[in-house]
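Notes follow once the structure below has been shown.
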Amino acid sequence: MRLPLTRLLSSAALAAALAACAPQPPAGGSSADSASRAAPGGGGAETDSARFARLEGEARALAKTEGCASDAQCKVAPVGHRACGGPRTYVAYCALTTDSAALFAKLDELARAEEEYQRRNGIASTCEMRLPPAVSLSGGRCVGESGGGAGVAP
């Protein structure tokens with residue numbers, strides 16, 4: 001049975017569109033090469049995703065949520081980088097007990113690493129605006145409100 005020409009062309013166009021959306025390996029290297037980096041301290045290899053998880057974990061460890069006495073002392077900070085721009089999420093912290101300079105330096109390192117990875121691999125994302133969520137003091141801890149904004153990851 002023969003396919004009509006328009007159906008065949010539609011199928012080819014769909015296949016080409018799907019192939020264009022797939023991440024392309026960077027020029028001059030395989031995707032396996034681009035997915036790993038040297039681990040800190042020179043031992044073994046650390047994948048990009050492991051590096052991102054490590055950096056985010058280090059940042060979250062710096063973000064102290066306890067020690068504030070009022071909502072006004074609670075803040076949120078942007079975490080990571082979305083390919084279309086802006087942070088992936090936010091982390092709540094107490095400005096009184098958190099070394100804000102160290103926290104923002106670590107968060108900046110994470111955002112730069114994710115942005116470079118996304119650029120290198122041609123990754124795209126949705127482009128909705130993610131506003132910082134409201135933050136409040138609850139049970140002696142700064143917590144982010146999940147309504148309306150991007151939310152706050154624990």
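The values are calculated or read from the model by the stated rules, or taken from the named source; none is laboratory data. As the structure is a prediction and not an experimental result, all values here were calculated from the model. Note that we place each Cβ from the backbone using ideal geometry, even for glycine, and neighbour counts take in every protein chain shown.
Determine which member of the set 111, 77 is without any contact (Cβ under 8 Å) to a residue 40 or more places away in the chain, part of a strand (DSSP E or B) and out of contact with any Pro (no Cβ under 6 Å at 6 or more places or on another chain).
Checking each option against the conditions leaves just 77.
Out of all the residues in the stretch 43-98, which are touching a Cys at 6+ places or on another chain (Cβ under 6 Å) and modelled with pLDDT under 95?
84
Does any residue of the stretch 92-99 turn out to be in a strand (DSSP E or B), among the charged types (D, E, K, R) and either in contact with a His (Cβ under 7 Å, 6 or more places away or on another chain) or closer than 20 Å to residue 59 by Cα (or both)? Step through it out loud before you land on a result.
Step one: list which residues in the stretch 92-99 are in a strand (DSSP E or B), which gives 92-94.
From what is left, the residues that are among the charged types (D, E, K, R) are none.
Scanning the stretch 92-99, I find no residue that is in a strand (DSSP E or B), among the charged types (D, E, K, R) and either in contact with a His (Cβ under 7 Å, 6 or more places away or on another chain) or closer than 20 Å to residue 59 by Cα (or both), so the answer is no.
For residues in the stretch 99-144 being among the charged types (D, E, K, R) and farther than 26 Å from residue 68 by Cα, which is modelled with the lowest pLDDT?
In this case the residue turns out to be 128.
Could you list, in sequence order, all residues of the stretch 77-93 that are in contact with a Lys or Arg (Cβ under 9 Å, 6 or more places away or on another chain) and aliphatic (A, V, I, L, M)?
Answer for the stretch 77-93, where residues must be in contact with a Lys or Arg (Cβ under 9 Å, 6 or more places away or on another chain) and aliphatic (A, V, I, L, M): 79, 83, 91, 92.
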